[in-house]
Structure formats: structure tokens, C-alpha cells
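Let me begin by presenting the structure, written as C-alpha cells, before commenting on it.
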Amino acid sequence: MRIVLLGAPGSGKGTQAALLVEQLKLPHISTGALLRSAVEAGTELGLKAKIIMDRGEFVSDDIMLKLIEERLSQFDAIPGFILDGYPRNIAQAEALDGLLTRLERPLDEALQIDVDIEKMIERIALRASEEGRSDDSEEVARKRMQVYAEQTAPVVDYYADKGVLSRVLGMGSVEDVFSRIMGVLQIRSYS
Ligand code: AMP
């Protein structure tokens, strides 16, 4: 099953992705994690990406497409994947469609986790103090939220128009949200 997880920063996407990976035995492809490992490895891409990430802005669509194309071509992604953090704008959504069409592996499901925006800013600030992520100060969190509203929120409508979107409420316990997600995926696999 090929799944895109959508939701604002702090919506619990990463946590739910980890649970889905365990349940469905599919690779978790997080573009944020791919970029952070490039930063840690000190590659040329990593050095460029760090400056952009620290400002709460987006790495260019070209770089992201190359990164995702390389990752989706790996063997473990053939049975399916849980994509987290991509696409982040309409151009990326169109590029992903093009890529998956070429690979003859169309998307099955775009899953949007809906959470209250103020709550998300609180979660991001908390994670900043727990993990010490340099892109997670409150100011950067607000910037990321603004970029999300302007660029990523329209991706939800894009997938709704394609008929592959489901939405789940992201409030409540991790387990509650996960069982909503599993409910949606079961409906999708029978439809
Ligand atoms: P994340 O861990 O998904 O919140 O990503 C952390 C940061 O990596 C983002 O704030 C962006 O700067 C960058 N990033 C991750 N995914 C993308 C993407 N699809 N397009 C552009 N930038 C991205």
C-alpha cells in the first residue's frame, strides 16, 4: 500500500507513521529525516539544507524530487511506503504523481491528520526543548506553520480532487488516532 501522510508540523504525523510502519511492515520515508541525516553526514546537500531548515523554510522542489526519487527506487519501497513530509506543496504533489505514474505505482491513500493549530505550536515548542532541534524554536515553529498554511494546506484539496483523500481527527491519545487511521485504511482496502 502506498500512503502519503499529511498534517501540519506537530500533528503527530511522525508518531503515527512509526505505528503504521510496525503494523503494515512498510518503510517509513520521512523527507525531514532524510534531510537531517544529510545534515549530520555533512554532505553538500546537508550543508545547504541546514541553513534553509533552520529558517523554517522549504528546501527546493528540485532537490526534494531527486531525494524522493532515489529513495522510492530502493528495493524496500517496492511493496509500498508510508511517505511523511512529502509533498509539501502543489508542485511536489504533481511531481510525485508523475514519478509514481512512471514507476506504475500510483498512490492508494492520502491521509490528513487534523489538529488544532495552537495545540500544534505548543507541541512543537515542547519537542524543541526535549530534542534540542535547532529548527524548533517557537519563532521558527510559527514560520513553519505559516508556510504550511500557505503552501501545504492546498495539497489536501489536491488529493481530495483525485479521490484518494481521507481525514482523521488528530486529537486524543496516540492510540485513539491510530485506530481512526486503521479504520480509514480498512475502508480503503475494501473499496
Ligand atoms: P519535517 O521533519 O518533515 O518537519 O521537516 C523538517 C524540515 O525539512 C522542514 O521544515 C523543511 O525545511 C525541510 N523539508 C522536509 N520535507 C520537505 C519537503 N518535502 N520540501 C521542502 N522542504 C522539506
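The values are calculated or read from the model by the stated rules, or taken from the named source; none is laboratory data. Quick caveat: nothing in here was measured; it's all calculated off a predicted structure. Cβ coordinates were reconstructed from backbone atoms using ideal geometry, including for glycine residues, and neighbour counts include every protein chain displayed.
Is at least one residue of the stretch 93-107 surrounded by 14 or more Cβ atoms within 10 Å (Cβ to Cβ) and of a type in the set (S, T, N, Q)? The answer is no; no qualifying residue exists.
Residue check: is residue 75 modelled with pLDDT of 90 or more, on the phi < 0 side of the Ramachandran plot, over 17 Å from the mean Cα position of the chain (by Cα) and among the aromatic types (Phe, Trp, Tyr)?
Taking the combined requirement at face value, the residue satisfies it.
The combined condition, being among the acidic types (Asp, Glu), more than 15 Å from the chain's Cα centre (by Cα), more than 19 Å from residue 152 (Cα to Cα) and more than 11 Å from the ligand (Cβ to nearest atom), is fulfilled by residue 44.
Just to verify a result, which residue in the stretch 71-109, among those that are among the aliphatic types (A, V, I, L, M), within 14 Å of the ligand (Cβ to nearest atom) and not in a helix (DSSP H, G or I), is farthest from residue 20 (Cα to Cα)? Restricting to residues being among the aliphatic types (A, V, I, L, M), within 14 Å of the ligand (Cβ to nearest atom) and not in a helix (DSSP H, G or I), the top hit is 83. Applying the criterion of at least 1 residues that are touching a strand residue (DSSP E or B) at 6+ places or on another chain (Cβ under 7 Å), on the phi < 0 side of the Ramachandran plot and surrounded by 15 or more Cβ atoms within 10 Å (Cβ to Cβ) to the helices (runs of 4 or more DSSP H) found wholly in the stretch 1-67 leaves 13-24.
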